[in-house]
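Peer 1: Sharing a structure, written as structure tokens. Questions coming.
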Amino acid sequence: MENWNSIKNQEIKRKFVNREVLAPVNLLVEYILSHEDPDAPFSLDDITHLYYYTDAEGNHYSETEKVYQLETWQEALEEAEILLEEDPDNTALISRISALENDIEALENAEQQMWEIYEWWIITPWLANELKAYSKPILTDGQNYYWGRCTTGQAILLDRVISRICEDMEILHGMCNAWL
């Protein structure tokens, strides 16, 4: 894959962002969330993927991703333990088992944390679904979709999740659906 942030790919991602990200709505969303009005169109409880867990390597997981990752590591651990029975002096397997046990324990004991949302953006329903698939904070009032962006200080087109979505769509330079 060519560099996500090459000049050509930045132009493609700029077009994508201009199409899918509609407007900044920080003041509106923050105002509604800060007032405990029972008639408000949404509340903090309505934000999907607001919480995450961190493993020993610093990777972030939603609740669903955490369960999946633990299952994956547990399967790998069981396979390694079977192989170790056949070759009990294999130091690489012993190290692998120890690392997997440590990873599993760290993620099982990880405390739930809340994302710090720096910006709110109104986005298209399509992008909301894509961002949900990547466990990004999303809020809806039944008509509009809001993305709780957990980064700030750089153009949205440079966000890793935007690059990943564009890559999934195969619209980056040199891909089969390239926009340039």
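Peer 1: Identify the residue in segment 145-165 that is over 15 Å from W115 (Cβ atoms) and hydroxyl-bearing (S, T, Y) and, among all such residues, is nearest to the chain's Cα centre (by Cα).
Peer 2: S163
Peer 1: Answer with yes or no whether E11 is at pLDDT 95 or above, surrounded by fewer than 18 Cβ atoms within 10 Å (Cβ to Cβ) and outside the structural domain of Y146 (by TED's automatic domain parsing).
Peer 2: No; evaluated as a whole, the condition is false for this residue.
Peer 1: Quick check on my filter: what residues within segment 160-178 are assigned to a loop (DSSP other than H, G, I, E, B) and surrounded by 18 or more Cβ atoms within 10 Å (Cβ to Cβ)?
Peer 2: I171, L172, H173
Peer 1: Does S43 satisfy the condition of being without any contact (Cβ under 8 Å) to a residue 24 or more places away in the chain and surrounded by 14 or more Cβ atoms within 10 Å (Cβ to Cβ)?
Peer 2: So S43 fits the description; yes.
Residue-by-condition table, conditions (1) part of a loop (DSSP other than H, G, I, E, B); (2) out of contact with any helix residue (DSSP H, G or I) (no Cβ under 8 Å at 6 or more places or on another chain); (3) more than 21 Å from G58 (Cβ to Cβ); (4) of a type in the set (F, W, Y):
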site	(1), (2), (3), (4)
I82	no, yes, yes, no
E85	no, yes, yes, no
P88	yes, yes, yes, no
R96	no, no, no, no
I104	no, no, no, no
L107	no, no, no, no
W120	no, no, yes, yes
K136	yes, no, no, no
W147	no, no, yes, yes
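Peer 1: Based on this model, can you work out whether E130 counts as surrounded by 11 or more Cβ atoms within 10 Å (Cβ to Cβ) and assigned to a helix (DSSP H, G or I)?
Peer 2: Spelling it out, E130 is indeed surrounded by 11 or more Cβ atoms within 10 Å (Cβ to Cβ) and assigned to a helix (DSSP H, G or I).
Peer 1: Still on this structure, please answer the following. Output the number of residues of segment 100-150 satisfying the condition of being hydroxyl-bearing (S, T, Y) and modelled with pLDDT under 95.
Peer 2: Summing the residues that are hydroxyl-bearing (S, T, Y) and modelled with pLDDT under 95 in segment 100-150 gives 2.
Peer 1: To continue, here is another question. Name every residue in segment 54-84 that is more than 30 Å from C150 (Cα to Cα) and under 23 Å from the mean Cα position of the chain (by Cα), in order of residue number.
Peer 2: Q74
The values are calculated or read from the model by the stated rules, or taken from the named source; none is laboratory data. Bear in mind the structure is a predicted one, so any value in this text is a computation, not a measurement. All Cβ positions, even for glycine, are placed from backbone atoms using ideal geometry, and neighbour counts span all protein chains on display.
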